[in-house]
Amino acid sequence: MTSQRILSLYIWIFAIFMFTPLILMIVSSFNDTSPPSATDWRGFTFKWYEFFWMPQDQISQDPILRSLDRDRFGMCFRNSLSIAIFVVPLSLLFGLSGAIFLTRWQTQFNGILWWILLSPMLAPGIVLGLSTLVFWGKLGVDAGLFTITMAQVTFTAGYPLLILLARLQRFPVELELAAKDLGASPMRTFWRITFPFLAPALTTAGVITFLASMENYNTTMFAKGGACTFATEIGAMARNPNGHPPLINAVGTVIIVLTVAFAFLHAWRKSKELKTIR
């Protein structure tokens, strides 16, 4: 067997290992049984998807759906969006500051500073959540959405830092020097030259930070107090001793469909731009 065939076999095994659980999850989200199952088929249904807009009297007639709190699930989802609204700009600001500092301040301490700025990404989420809870608790701040935001910013700022740092390392510094020689202030130089160059990286970093905030569980779980988020509520449903409701499978399917749709949309736009350039 040639090395190329071995590599192809490995890729196929890896793809099967990765995507089989997702396919089973999608299939079970249309099965009229709880806990969800892809083998014990009880009938095709959309009710796990319709739960979010189904009339209340229809929900009360279903033994599984009536045990779920639709209002709480919606509130937890809105909490996650509210947190992300603050986490994304704060993470971008801190990440951009760190990236500029590391690329512009060339000293023997850069290596140490690099590890200090990236250390929150390497720390366990439990440690970040508990340390945030203890720190703000000492200042008289109760656990809630604010502590969740602070805990998430602690490690999500590392994503923009790495992305923007890689972008800045390819930036021709001569453009900034030429702008300053022509009388532009540092702020004007940044907004007219540096920021447009960083715009694609900022967009990418913002999307990654948003997704990291929405799906974060470990750090959020230990910093939330009595609050809830999209991830922690799904985690609470998954810990149901009688098996998690197929509602989780439906939510996961929607997320997968949206992810694939945006990926195809991005690929289509890129191919269209390349055709335009040619």
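Among the residues of the stretch 244-275, not one is touching a residue at least 40 places away in the same chain (Cβ under 8 Å), within 16 Å of the chain's Cα centre (by Cα) and either exposed (fewer than 11 other Cβ atoms within 10 Å of the Cβ) or not in a helix (DSSP H, G or I) (or both). Is it true that Thr209 is over 30 Å from Gly74 (Cα atoms) and crowded, with 18+ Cβ neighbours inside 10 Å? When the stated conditions are applied, Thr209 does not pass them.
When Phe86 is tested against the conditions (1) more than 25 Å from Asn240 (Cβ to Cβ); (2) modelled with pLDDT under 90, the lone failure is (2). Within the stretch 187-215, residues that are over 14 Å from Gly95 (Cα atoms) sit with their Cβ atoms under 8 Å from residues that are hydroxyl-bearing (Ser, Thr, Tyr) and crowded, with 18+ Cβ neighbours inside 10 Å, at 6+ positions apart or across chains, in these pairs: Ala212/Thr156; Ala212/Tyr159; Ser213/Ser80; Ser213/Thr156; Met214/Ser80.
I'd like to check something: does the stretch 46-61 contain any residue that is among the β-branched types (Val, Ile, Thr), farther than 30 Å from Gln152 by Cα and either touching a helix residue (DSSP H, G or I) at 6+ places or on another chain (Cβ under 8 Å) or not assigned by TED's automatic domain parsing to the domain that holds Val153 (or both)?
First, pick out the residues of the stretch 46-61 that are among the β-branched types (Val, Ile, Thr): 59.
Of the ones still in play, those that are also farther than 30 Å from Gln152 by Cα are 59.
Okay, now just the ones that are also either touching a helix residue (DSSP H, G or I) at 6+ places or on another chain (Cβ under 8 Å) or not assigned by TED's automatic domain parsing to the domain that holds Val153 (or both), so 59.
Checking the stretch 46-61: at least one residue is among the β-branched types (Val, Ile, Thr), farther than 30 Å from Gln152 by Cα and either touching a helix residue (DSSP H, G or I) at 6+ places or on another chain (Cβ under 8 Å) or not assigned by TED's automatic domain parsing to the domain that holds Val153 (or both).
Checked against (1) of a type outside the set (Phe, Trp, Tyr); (2) at pLDDT below 85; (3) under 22 Å from the mean Cα position of the chain (by Cα), Leu175 passes all but a single condition, namely (3).
In the stretch 1-27, the residues that are under 29 Å from Gly252 (Cα atoms) reach residues that are surrounded by 10 or more Cβ atoms within 10 Å (Cβ to Cβ) and not β-branched (Val, Ile, Thr) with C-beta atoms within less than 7 angstrom, at least six apart or across chains, in these pairs: Leu24/Ala38; Met25/Asn249; Met25/Gly252; Val27/Ala38.
Which condition from (1) out of contact with any Pro (no Cβ under 8 Å at 6 or more places or on another chain); (2) in contact (Cβ under 8 Å) with a residue 60 or more places away in the chain; (3) polar (S, T, N, Q); (4) not assigned by TED's automatic domain parsing to the domain that holds Ala236 is the one that Thr33 breaks? All conditions are met except number (1).
The values are calculated or read from the model by the stated rules, or taken from the named source; none is laboratory data. As the structure is a prediction and not an experimental result, all values here were calculated from the model. No Cβ is skipped: glycine too gets one built from the backbone with ideal geometry, and neighbour counts run over all protein chains shown.
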